[in-house]
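The values are calculated or read from the model by the stated rules, or taken from the named source; none is laboratory data. For clarity, every value in this text was computed on a predicted model and none was experimentally measured. Every residue, glycine as well, gets a Cβ built from its backbone with ideal geometry; the counts of neighbours run over all protein chains shown.
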Amino acid sequence: MVYKKGDEILKCYPFSYAFREEHQHKVCDFCFSTGQAIISRCARCCVIYYCGKQCQRSSWKETHKHECKYLKMLDIKEPHMDLLLIIRTLCKLRYDGGYSKKVSLPNGCSRRFGDLMSHKENVLMDPQLYTMFYRYIGIIKNKLGGALEINESEVLDIFTKMSINSVFILNGKFLNFGSCLSLEFSAIDHSCRPNAVYMFIGRTLVVKALCDIANFDDVRVTYTDITQPRRMRRNFLKDQYFFDCTCEECTEDPLNLEKLKSHSPCCPECQNLVDGNKCMSCNKEVDLSQYYQIKEILMKKKEVDAKSRSLLKEVFKYFHPFDYVAFYYCNALLSYKDLLTLNELQILNERILLAMRKYVYDYDILMLPFLMYLMNILTKKNELKSLPSLLLETKTIMDVIYPKNHSLYDELNDIRP
């Protein structure tokens, strides 16, 4: 089957899922809604929350009746997301026909839980994953062992498949509030130059084509942050998924993106790229010592914190937005919105978007929060000149990715130039 740009490739419900601890009491466990008060908690297990009685009844009928007593025995108010996903997957497999459940793929093939890759040997050789597994199996045996027959090899199979095949749950506001297993989605391979994107609409996982694709076997999504330099992407994919990426983005570099990402100082006078020690625009010689000093400071930091705001002016002065270290810094600094002025927030978003337009694929869903936020800033400042072009850019992405009744269109309509 040939897919055209914007076509729906896949539409399915997760096989199993769990929410992050901090979101478990804020997200309805059945419909995944976050925009209304979560008013109903399961009185038996006291772990699962709902937006209302209808979702609670539907959840009980579908899955919760199999897991409720075990979640109660767990006796943890907000269990770790991975532990919760293991237990829910185990209950799904044991009591809800999960082992025999078969889904059909668009290419005519079928898929069961047993078909998911596990890389069991690689997972157990990873010290962090090894420690995590034995911590979880210890809790499961201790808390549930009296009522649930615990087979360590079965739990290990779930854990390793979960480690390789789980996918983040992102809502319409780009909030990452959980993780899920999907038999259908796990059949799609990775590329650092993807031709498809996934999203959640309610609790439905939807995959859309970003360009024309010949057939389902050619569909590719990205498993990693494609704004990162090649070395970082490949290291992450090797460590997390145990494969060496050989996609076009990792073997070809027609735009010299790797050079731009790893080394992009800019001229303090005109803010254009510096090649060697000369500005490519004004031809002035540039002393790069300050650039290297600040870059070393930022690279040594494990994470950007509020104190890093003191470097903001220097980063703006010496780093081009194409430099990945500066890109990461600007992105991370947005977590401290309350400490920043509107002008600083505007410049940060503009710099991030400038880099993303260079690095990411067409119609990248991750550009939307920056575009929306920038338009809101400009509206607050009553600087409306660039709004029409930003609105057009945003709508062009949304028209490919989202259905016309998506809530983001309402937000977009509220922004007027």
*Is it fair to say Ile86 is at pLDDT 95 or above, within 27 Å of the chain's Cα centre (by Cα), surrounded by 13 or more Cβ atoms within 10 Å (Cβ to Cβ) and in the same structural domain as Gly145 (by TED's automatic domain parsing)?*
yes
*State yes or no: is Asn215 modelled with pLDDT of 95 or more, of a type in the set (S, T, N, Q) and surrounded by fewer than 18 Cβ atoms within 10 Å (Cβ to Cβ)?*
yes
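The rows are residues; the columns are (1) surrounded by fewer than 16 Cβ atoms within 10 Å (Cβ to Cβ); (2) of a type outside the set (A, V, I, L, M); (3) at negative phi.
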| residue | (1), (2), (3) |
| --- | --- |
| Leu156 | no, no, yes |
| Phe159 | no, yes, yes |
| Ser163 | no, yes, yes |
| Ser179 | no, yes, yes |
| Arg193 | yes, yes, yes |
| Val197 | no, no, yes |
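Which ones in region 277-308 are among the small types (Gly, Ala, Ser) and either out of contact with any helix residue (DSSP H, G or I) (no Cβ under 8 Å at 6 or more places or on another chain) or under 14 Å from Cys267 (Cβ atoms) (or both)?
Ser281, Ser289
Here is a yes/no grid of residues against (1) over 29 Å from the mean Cα position of the chain (by Cα); (2) modelled with pLDDT under 95; (3) charged (D, E, K, R):
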{"position": "Lys53", "(1), (2), (3)": "yes, yes, yes"}
{"position": "Tyr95", "(1), (2), (3)": "yes, yes, no"}
{"position": "Leu105", "(1), (2), (3)": "no, no, no"}
{"position": "Leu124", "(1), (2), (3)": "no, yes, no"}
{"position": "Tyr134", "(1), (2), (3)": "no, no, no"}
_Top-ranked residue in region 25-39 [being surrounded by 18 or more Cβ atoms within 10 Å (Cβ to Cβ) and free of Cβ contacts under 8 Å to residues at least 60 places away in the same chain; ranked as nearest to Leu183 (Cα to Cα)]_ = Asp29
*If we only count helices (runs of 4 or more DSSP H) wholly inside region 246-341, which ones have 3 or more residues that are charged (D, E, K, R) and closer than 30 Å to Arg220 by Cβ?*
257-262
_Condition (residue is within 23 Å of Ile76 (Cα to Cα), in a loop (DSSP other than H, G, I, E, B) and among the basic types (Lys, Arg)) applied to region 18-25: is it met by at least one residue?_
yes
_Which of the numbered conditions does Ile48 fail, given that it passes all the others? Conditions: (1) touching an Asp or Glu at 6+ places or on another chain (Cβ under 6 Å); (2) surrounded by fewer than 21 Cβ atoms within 10 Å (Cβ to Cβ)._
(2)
*Report, by residue number, each residue of region 358-409 that is surrounded by fewer than 16 Cβ atoms within 10 Å (Cβ to Cβ), assigned to a helix (DSSP H, G or I) and either acidic (Asp, Glu) or in contact with a strand residue (DSSP E or B) (Cβ under 8 Å, 6 or more places away or on another chain) (or both).*
Asp399
_All positions within region 240-268 that are loosely packed, with under 13 Cβ neighbours inside 10 Å and at pLDDT 90 or above_ = Asp244, Thr246, Glu248, Thr251
_Pick from region 165-177, criterion surrounded by 20 or more Cβ atoms within 10 Å (Cβ to Cβ) and within 17 Å of His80 (Cβ to Cβ), ranking: farthest from the chain's Cα centre (by Cα)_ = Ser166
*Residue among Cys42, Cys68 that is touching a His at 6+ places or on another chain (Cβ under 8 Å) and modelled with pLDDT of 95 or more*: Cys42
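Report, by residue number, each residue of region 185-219 that is charged (D, E, K, R) and either assigned by TED's automatic domain parsing to the domain that holds Pro403 or closer than 29 Å to Tyr329 by Cα (or both).
So the first thing to find is which residues in region 185-219 are charged (D, E, K, R), and the list is 189, 193, 203, 208, 212, 217-218.
Answer for region 185-219, where residues must be charged (D, E, K, R) and either assigned by TED's automatic domain parsing to the domain that holds Pro403 or closer than 29 Å to Tyr329 by Cα (or both): just Arg193.
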_Being assigned to a loop (DSSP other than H, G, I, E, B) and crowded, with 17+ Cβ neighbours inside 10 Å narrows it down to one residue among Ser118, Ser100; which is it?_
Ser118
_Options Phe236, Phe319: the member that is surrounded by 13 or more Cβ atoms within 10 Å (Cβ to Cβ) and within 30 Å of Tyr130 (Cα to Cα)_ = Phe236
*Ile9 versus (1) assigned to a loop (DSSP other than H, G, I, E, B); (2) surrounded by 14 or more Cβ atoms within 10 Å (Cβ to Cβ): which is the lone unmet condition?*
(1)
*Conditions (1) modelled with pLDDT of 90 or more; (2) under 29 Å from Ile401 (Cβ atoms); (3) in a loop (DSSP other than H, G, I, E, B): number failed by Leu237*: (3)
*Does Thr63 satisfy the criteria of being outside any loop (DSSP other than H, G, I, E, B), at pLDDT 95 or above, out of contact with any Phe, Trp or Tyr (no Cβ under 7 Å at 6 or more places or on another chain) and within 15 Å of Tyr13 (Cα to Cα)?*
no
*Could you list, in sequence order, the residues of region 244-275 that are of a type outside the set (A, V, I, L, M) and touching a residue at least 60 places away in the same chain (Cβ under 8 Å)?*
Lys261, Ser262, His263, Ser264
*For Lys404, are the conditions met, namely being of a type outside the set (Ser, Thr, Tyr), at pLDDT 90 or above, over 20 Å from the mean Cα position of the chain (by Cα) and more than 18 Å from Phe327 (Cβ to Cβ)?*
no
